[in-house]
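*Asks:* First the structure, which I've put down as structure tokens, then a few questions once you've had a look.
The values are calculated or read from the model by the stated rules, or taken from the named source; none is laboratory data. No experiment lies behind these values; they were computed from the predicted model shown. Positions of Cβ are generated from backbone atoms using ideal geometry, with glycine treated the same way; all protein chains shown enter the neighbour counts.
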Amino acid sequence: MLHVGLDVHKHFSRLEVMDGEGTTVDARKVYHSDKAAIQEYFSHLPKPMTITIESTRNW
């Protein structure tokens, strides 16, 4: 199973994808304005996966 971590910023997010062993298999910066690219990226990841979002309260 893959694990995806999101560090959310105002205009973009940094994400890191790790396998079940904790090895990073991908890391990238995605811009919130490019929703189609974000949807396409996640559609190609194998399911199931866990997604964790860093809690935040301001930018």
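*Asks:* Can you find a residue in the range 40-50 that is surrounded by fewer than 11 Cβ atoms within 10 Å (Cβ to Cβ) and touching a strand residue (DSSP E or B) at 6+ places or on another chain (Cβ under 6 Å)?
*Replies:* Checking the range 40-50: at least one residue is surrounded by fewer than 11 Cβ atoms within 10 Å (Cβ to Cβ) and touching a strand residue (DSSP E or B) at 6+ places or on another chain (Cβ under 6 Å).
*Asks:* Looking at the range 1-28, I want the residues that are without any contact (Cβ under 8 Å) to a residue 40 or more places away in the chain and surrounded by 12 or more Cβ atoms within 10 Å (Cβ to Cβ) and have a partner that is part of a strand (DSSP E or B) and among the polar types (S, T, N, Q) with Cβ atoms under 9 Å, at least 6 apart or on another chain. Which pairs are those?
*Replies:* Glu16/Thr24; Val17/Thr24; Met18/Thr24
*Asks:* Can you tell me how many residues in the range 11-49 are under 17 Å from Met1 (Cβ atoms) and in contact with a Gly (Cβ under 9 Å, 6 or more places away or on another chain)?
*Replies:* Of the residues in the range 11-49, 4 are under 17 Å from Met1 (Cβ atoms) and in contact with a Gly (Cβ under 9 Å, 6 or more places away or on another chain).
*Asks:* Ok, one more. Using beta carbons and a limit of 7 Å, which pairs, at least six apart or on different chains, have the first residue in the range 32-43 and at negative phi and the second one aromatic (Phe, Trp, Tyr)?
*Replies:* His32/Phe12
*Asks:* Looking at the range 18-29, can you tell me whether even one residue there is of a type in the set (Lys, Arg), modelled with pLDDT of 95 or more and under 12 Å from the mean Cα position of the chain (by Cα)?
*Replies:* Yes: one or more hits.
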